[in-house]
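Bear in mind these aren't lab numbers, they're just calculated from the coordinates by the rules spelled out. The structure presented is a predicted model; accordingly, all values stated were derived computationally and were not measured. Note that each Cβ is placed from the backbone with ideal geometry, even for glycine, and that neighbours are counted across all protein chains shown.
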Amino acid sequence: MEYVLIAIGILVVLLIAGIGLLTSRGRRTTRLDDDAAAGTTLTRPRPPAPTEEPAPTGATASGLGLPPETVEAPEVELPPVEPEPGLLLETPPPSAGRLVRLRSRLARSQSSLGRGLLTVLAREKLTEDDWEELEETLLAADVGVAATSQIVERLRTQSMVLATASGAELRELLIDNLTAVLGPDLDRTLGTDRHEGRPGVLLVVGVNGAGKTTTVGKIARVLVGDGKSVVLGAADTFRAAAADQLETWGERVGVLTVRGREGGDPASVAFEAVRTGIEGEADTVVIDTAGRLHTKAGLMDELGKVKRVAEKQAPITEVLLVLDATTGQNGVVQARVFTEAVDVTGVVLTKLDGTAKGGIVVSVQRELGIPVKLVGLGEGPDDLAPFEPRAFAEALVGEG
Ligand code: GDP
C-alpha cells in the first residue's frame, strides 16, 4: 500500500513538473523579479531554455515539487543564434547602397523638381525668365532661399564659362551644385559602435506621428543587416501600442525589447534597456521615447531625465531627431523644442516618398545646423537608408 502511495506521489510530481515546463515554454515575456515592482519587463523573441530544476522525487506531501511561484530571474542574454522552431527570423539587407536601391521612391520630388529643372536646362539659350523659373522650381521644392540663390548663381556662372554647355553638362553641374548645398563633408556616421566595453546608445526623439517608433524598428533592422547585435528600449510608456509595435519589429529580427508598464517611468525603461545591453554585450541599444508636445518644460524635463538616467549605465552616443518631411517648415519649428531639450546629433527625415518637396533636406540641415543621417522612403520595413548627398542629388534630378 505504502509503495502504491509513493508511486502515485511520484506520478503527481512528474505531471505537475511537466505542466510547469510547458507553460514556461509558451511564455514570451519574462518579468524580471527586481523590476516587477517598477513594471519593467524584458521581452524575448524566444523564450529561454527552461531552467527549473526537476522536481525532487520522494518529496513530502507538503512539498510535492510544485513549480515555485516566482522563477529566478534568468541571466540577461542575447537571443541564441538558432531561432525558436516555427519563428523564422528575417534577414534585412545591409545599409550600404540602400539609397540607390530606393531612389525610385523619390518619384514625387523627382517629377516636380528634377523634371522641372531639366526642362529648363534643355532649352537652347537660357533667358532671364528661364533662370527665374529655375529658381522658382527650387524654392517650390523647399530648397530654401539661401541655398537656391547659391545653386542658381553658380550654375549661371558655370554656364557662361562653358559657353556651349549642353543639357547633359548642365545636368551634371546641377547635381554638383545640389550636392554642395547638401553638405557632402558633414559627418553622418551613426554612433552605434561599442565604446569602452559598453554598447553604443541611440536615443530617438520627435513628435508623435513623425514616424519615430517605425524608425526605431527600421534602425534595428539596418543594424542587424550590418551584423550588429541590438537591444531596443520602449521608453514611450504613454502608449502601450508603441511598445507593442516595437516588440513586433524586434521579434522579426531576433532583437530583445525592454518595455515598461503603461504610464510607467520612461527613464527606468531606458536605464533597464542599457543595462540589458551591457550585460548581453550588445553592440547597440536603441531607445524610443514619447513625443507628446504637452508643455515645452515638461518635454524637456522628461527627455533630460531619460538621458541622465540612461547615462548612469553608458554614455548616449547618438541622439536622433525624427522629422516628417511632409510637414515642411512647420515640422522644423517643432523640432527646435527637441534640439533645446537634448543635444541632437542627427536628423532622420521620414516620409520623403510622400512629398514633392525633397529639397526639405537642405532647409532642415541649414535651419537646425544638424546633419540628416537617415532618410525614410516608405512604409516597408527596410525603407530606411543612410543619407548620401550625391546619390540623393542624382535621384532628385533623375536621368533627364
Ligand atoms: P510615431 O508616433 O512618431 O512613433 O510614428 P509611427 O512610427 O507610429 O508612424 C506613423 C506613421 O508614419 C505610420 O503609419 C508609419 O508607417 C508611417 N511612416 C513612418 N515612416 C515612413 C516613411 O518613411 N514613409 C511613409 N510613407 N510612411 C512612413
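At a Cα cut-off below 30 Å, give the lysines reachable from LYS125, other chains included and same-chain residues fewer than 8 away excluded.
Answer for LYS125, where 30 Å is the Cα cut-off: LYS357, listed by chain and number.
Using a Cα-Cα cut-off of under 16 Å, which lysines could be cross-linked to LYS218, ignoring same-chain neighbours fewer than 8 residues away?
Of all the lysines, those that pass the test against LYS218 - Cα under 16 Å, at least 8 places apart if same chain - are LYS228, LYS351, LYS373.
Please compute the net charge surrounding SER111, taking Lys and Arg as +1 and Asp and Glu as -1 over other residues with Cβ under 14 Å from its Cβ.
Every neighbour counted, the sum reads +3.
Along the three principal axes, how long is the stretch 92-162 when you take its alpha carbons, biggest first, rounded to the nearest angstrom?
Extents along the principal axes, in whole Å: 49, 25, 24.
Volume per residue, Å³, of the convex hull around the alpha-carbon atoms of the stretch 264-309?
67 Å³
What's the local net charge at ALA242, with K and R +1, D and E -1, over the other residues with C-beta under 14 Å away?
After counting each charged neighbour, the total is 0.
Counting other C-beta atoms within 10 Å, which of PHE238, PHE387 has the fewest, and how do the rest follow?
Ascending number of Cβ neighbours within 10 Å: PHE238, PHE387.
May I ask you to work out the translational diffusion coefficient for the stretch 312-375 at 10 °C, viscosity 1.306 mPa s, via Stokes-Einstein with Rh from the Kirkwood sum over Cα pairs, reported in whole µm²/s?
For the chosen part, D equals 132 µm²/s.
Please order THR345, THR295 by the number of other Cβ within 10 Å, starting at the fewest.
Ranked by crowding around the Cβ, least crowded first: THR295, THR345.
How big is the gap, in Å, between the Cα center of the stretch 212-280 and the Cα center of the stretch 299-323?
Going from one Cα centre to the other spans 14 Å.
I need the P(r) histogram for the stretch 103-234: all alpha carbon pairs, bin width 5 Å from 0 out to the longest distance, whole percents.
Once binned at 5 Å, the Cα pair distances of the stretch 103-234 give 2, 8, 15, 16, 13, 10, 9, 9, 8, 7, 3, 1, 0.
Would you tally the net charge around ASP129, using a Cβ to Cβ cut-off of less than 14 Å, leaving ASP129 out, and scoring K and R as +1, D and E as -1?
-4
With a ≥ b ≥ c taken as the square roots of the eigenvalues of the C-alpha gyration tensor of the stretch 284-352, please select rounded if a/c is under 1.5 and otherwise prolate if a/b is larger than b/c or oblate if it is not?
Taking the square roots of the gyration eigenvalues as a ≥ b ≥ c, the stretch 284-352 is oblate.
Quick one: LYS212, LYS125, fewest Cβ neighbours within 10 Å first, how do they rank?
LYS125, LYS212
Using only the alpha-carbon atoms of the stretch 246-400, report the extent along each of the three principal axes, biggest first, to the nearest angstrom.
Principal axes ranked by extent give 53, 37, 26 Å for the Cα atoms.
Translational diffusion coefficient, Stokes-Einstein: compute it for the stretch 160-278 using the Kirkwood radius over C-alpha pairs as Rh, at 37 °C and 0.692 mPa s, and state it as an integer in µm² s⁻¹.
193 µm²/s
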